[in-house]
Amino acid sequence: MKKRAVKVLDTTLRDGEQTPGVALAPEQKLEVARALDDLGVDIIEAGAAITSEGERRAIRLISDAGLKAEVCSFARALRSDVDAALGCGVDGVHLVVPTSDIHLKYKLKKNREEVKRMALDAARYALDQGLKVEFSAEDATRTDPAFLRELFSAAVELGVQRVCVCDTVGVLTPERARELFSDLAKAIKVPIAAHCHDDFGMATANTLAAVQAGALEVHVAVNGLGERGGNAALEEVALALTQLYGVETRIKLNKLYPISKLVERLTRMPVPPTKSVVGENAFAHEAGIHTHGVLAYPPTYEPISPELVGHHRKLVFGKHAGSHAVESELHRMGLQPTREQVREIFEQVKKLGDRGKLVTDTELRAIVDAIMGRTLKEVLKLEELTVVSGNKATPTASARVKFGDKEVVESGLGVGPVDAAMNAISKVIGEMSNIRLQGYHVDAISGGTDAVVDVVVNLTDGKRIVTARGTSGDIIMASVQAMINGTNRLLWDRKLGGA
Ligand code: KIV
Ligand code: ZN
């Protein structure tokens, strides 16, 4: 039996970019669009052409990039918005008209007849210009269902290719979604899309319920970006559709984690570690029973394999660590510890964990080295760090670092003194190795302006990722120390031939 298939419209570059604090440059939008195309998205909502000159440049770049995906621009039901989209060379418009009485009364100040006339005029105009039209009802889930059906039917009669139900303020439930979408599917003869928001944490569930009830297209955004609580997350919907509902999409699942990282980096919107599918903890295990189970048979605690979504498994060491995990990590590091050494290492890990700390890779390896008699030589040593900052100066840092008998001096600018120091130190490290900073996290351990801060960094040499910590009353020193510790660890492990 042929499986059902649904189309995916990604709105990371439109609704996702409406996330407060997110703004992408045209080249960055193009980079995301290419990645979305590569991922297998069917329709890319590249932005809203009416917004600005920069936005139009971005949409034009994306339209001209020769992507396989259909490229559309958001447009209000106004000819001027359609013209702006047309000028960007898009394949179509996501034509949006508010339909709920609340929106009509307080936003548009128009009655239903006026809104219908305006919406149909814009749709006809766009179709006449040769554009594909996805006709969207904003706040559809708080709209009189009879009016929604009437409007959609009239738009379909004009020739629009698709219609879309927007759960603009995320008030839908899976039960209501099933009812609404199955009623609409009986009356509307073009594909119906679901555009769900996550105000109540239900966007994914509602999207899936809509598909069960006949929706043939889903609107999603990478990392669940979007207005307020965000849109249905692309990674969640794509994975659940294929793995739990047996519905096909064109999404290449193993590209989900890489695109999440790309969007996180470009939007500077950190993905919470506990975020399903793409969060750093999505496949991390600390508790002893869990790690034991996963090591014995991964499906015990992993409903899907991390590789399926391009992610990786991580065993984390802390107070819940189990001895099996510690032993397996030691073997992974290429070591052959005795039973006694495993027991001692395990106890030290527990002790550190009991102090409320995550045991970073550098700390674990320091414990291992001490107990197994391996000495970590400081390969890299900070000799001097000078940072200048203030309301009249661009934050600047210079670092003098010793690397064996070589001395390297580098300087860096930054948005603040920490950034400047990290840039200077990254340059030094980059000069002698291929080690790069991948993640940075800071916590204040105590309160007040004299707080002790704990910085944890993720560093990679392309093959491995290590976590390293720096702790100090000075955030700059804590950050730089974490970088040095992690770099030393990677360099020294390489020398020893361990993992
Ligand atoms: O959530 C929403 O209603 C929207 C529309 C404007 C398409 O994003
Ligand atoms: Zn939206």
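The values are calculated or read from the model by the stated rules, or taken from the named source; none is laboratory data. Owing to the predicted nature of the structure, the values given are computational and were not obtained by experimental measurement. Cβ placement follows ideal geometry from the backbone for every residue including glycine, while neighbour counts extend to all protein chains displayed. The area values use the complete protein model at the heavy-atom level, side chains included, leaving out ligands, DNA and RNA. Shrake-Rupley method; radii C 1.70, N 1.55, O 1.52, S 1.80 Å.
Taking the numbered list (1) part of a helix (DSSP H, G or I); (2) surrounded by fewer than 21 Cβ atoms within 10 Å (Cβ to Cβ); (3) not hydroxyl-bearing (Ser, Thr, Tyr) in turn, Gly89 passes all entries but (1).
Are there helices (runs of 4 or more DSSP H) fully within segment 272-373 with at least 2 residues that are closer than 26 Å to Leu490 by Cα and open to solvent by 20 Å² or more (accessible area, probe 1.4 Å)? List them. I'd like the intermediate steps shown before the answer.
Numbers: elements: 288-296, 323-332, 339-354, 361-372.
Passing ranges, in order: 323-332, 339-354, 361-372.
The one condition from (1) modelled with pLDDT of 95 or more; (2) in a loop (DSSP other than H, G, I, E, B) that Gly21 does not meet is (1).
Scan Val22, Val93 and give me the residue that is free of Cβ contacts under 8 Å to residues at least 60 places away in the same chain and within 16 Å of ligand 2 (Cβ to nearest atom).
Values: Val22 fails: free of Cβ contacts under 8 Å to residues at least 60 places away in the same chain.
When all the criteria are applied, what remains is Val93.
Criterion first (surrounded by fewer than 23 Cβ atoms within 10 Å (Cβ to Cβ), assigned by TED's automatic domain parsing to the domain that holds Glu138 and of a type in the set (A, V, I, L, M, F, W, C)) does Ala46 satisfy it? Break it down into steps so the answer makes sense when it comes.
Working: surrounded by fewer than 23 Cβ atoms within 10 Å (Cβ to Cβ): no; assigned by TED's automatic domain parsing to the domain that holds Glu138: yes; of a type in the set (A, V, I, L, M, F, W, C): yes.
Answer is no for this residue.
Condition check ((1) at positive phi; (2) within 32 Å of the chain's Cα centre (by Cα); (3) outside any helix (DSSP H, G or I)) across all residues:
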{"site": "Val82", "(1), (2), (3)": "no, yes, no"}
{"site": "His94", "(1), (2), (3)": "no, yes, yes"}
{"site": "Val97", "(1), (2), (3)": "no, yes, yes"}
{"site": "Ala154", "(1), (2), (3)": "no, no, no"}
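Determine if segment 143-155 includes at least one residue that is more than 11 Å from ligand 1 (Cβ to nearest atom) and without any contact (Cβ under 8 Å) to a residue 12 or more places away in the chain. Looking through segment 143-155, at least one residue is more than 11 Å from ligand 1 (Cβ to nearest atom) and without any contact (Cβ under 8 Å) to a residue 12 or more places away in the chain.
Looking only at residues in segment 130-151 that are in contact with a Leu (Cβ under 8 Å, 6 or more places away or on another chain) and under 21 Å from Asp91 (Cα atoms), the one that is surrounded by the fewest Cβ atoms within 10 Å (Cβ to Cβ) is Leu131. Residues of segment 315-332 include at least one that is under 25 Å from the mean Cα position of the chain (by Cα) and farther than 20 Å from Gly470 by Cα.
Is it the case that segment 411-418 has a residue that's open to solvent by 40 Å² or more (accessible area, probe 1.4 Å), touching a strand residue (DSSP E or B) at 6+ places or on another chain (Cβ under 6 Å), in a strand (DSSP E or B) and farther than 29 Å from Glu329 by Cα?
First, the residues of segment 411-418 that are open to solvent by 40 Å² or more (accessible area, probe 1.4 Å): 411, 413, 415, 417.
Right, trim to touching a strand residue (DSSP E or B) at 6+ places or on another chain (Cβ under 6 Å) and you get 411, 413, 417.
Then drop every residue that is not in a strand (DSSP E or B), which leaves 411, 413.
Subsequent filtering for residues that are farther than 29 Å from Glu329 by Cα retains 411, 413.
Yes, that holds for at least one residue.
Within segment 109-129, being touching a residue at least 12 places away in the same chain (Cβ under 8 Å) and open to solvent by 70 Å² or more (accessible area, probe 1.4 Å) holds for Arg112, Arg124, Gln129.
The set of residues from segment 170-202 being in contact (Cβ under 8 Å) with a residue 40 or more places away in the chain, under 21 Å from Pro98 (Cβ atoms) and in a loop (DSSP other than H, G, I, E, B) comprises just one member, Gly170. Look at (1) touching a strand residue (DSSP E or B) at 6+ places or on another chain (Cβ under 6 Å); (2) within 12 Å of ligand 2 (Cβ to nearest atom) and you find that Val169 fails only one, number (1). Gln243 meets the conditions (1) at pLDDT 95 or above; (2) surrounded by 24 or more Cβ atoms within 10 Å (Cβ to Cβ) in every case but one. The failed one is (2). Give me the residue from segment 34-59 that is free of Cβ contacts under 8 Å to residues at least 60 places away in the same chain and over 26 Å from Leu78 (Cα atoms) and, out of that set, farthest from ligand 2 (Cβ to nearest atom). Only one residue tops the list, namely Arg34. From the list Gly230, Gly170, Gly201, the lone residue that is small (Gly, Ala, Ser), modelled with pLDDT of 95 or more, out of contact with any helix residue (DSSP H, G or I) (no Cβ under 6 Å at 6 or more places or on another chain) and within 12 Å of ligand 1 (Cβ to nearest atom) is Gly170. In a residue-by-residue description of segment 53-65, the property of being open to solvent by less than 10 Å² (accessible area, probe 1.4 Å) and not hydrophobic (A, V, I, L, M, F, W, C) applies to no position.
Every test in (1) touching a Phe, Trp or Tyr at 6+ places or on another chain (Cβ under 9 Å); (2) open to solvent by 10 Å² or more (accessible area, probe 1.4 Å) is passed by His103 save one, and that test is (1).
Say whether the condition of being more than 15 Å from ligand 1 (Cβ to nearest atom) and surrounded by fewer than 24 Cβ atoms within 10 Å (Cβ to Cβ) is met by at least one residue in segment 159-166.
Going through segment 159-166, the residues more than 15 Å from ligand 1 (Cβ to nearest atom) turn out to be 159, 161.
From what is left, the residues that are surrounded by fewer than 24 Cβ atoms within 10 Å (Cβ to Cβ) are 159, 161.
Scanning segment 159-166, I find at least one residue that is more than 15 Å from ligand 1 (Cβ to nearest atom) and surrounded by fewer than 24 Cβ atoms within 10 Å (Cβ to Cβ), so the answer is yes.
Is it fair to say Glu227 is within 16 Å of ligand 2 (Cβ to nearest atom), open to solvent by 60 Å² or more (accessible area, probe 1.4 Å), more than 12 Å from the chain's Cα centre (by Cα) and over 30 Å from Val456 (Cβ atoms)?
Details: within 16 Å of ligand 2 (Cβ to nearest atom): yes; open to solvent by 60 Å² or more (accessible area, probe 1.4 Å): yes; more than 12 Å from the chain's Cα centre (by Cα): yes; over 30 Å from Val456 (Cβ atoms): yes.
For Glu227, the condition - within 16 Å of ligand 2 (Cβ to nearest atom), open to solvent by 60 Å² or more (accessible area, probe 1.4 Å), more than 12 Å from the chain's Cα centre (by Cα) and over 30 Å from Val456 (Cβ atoms) - is met.
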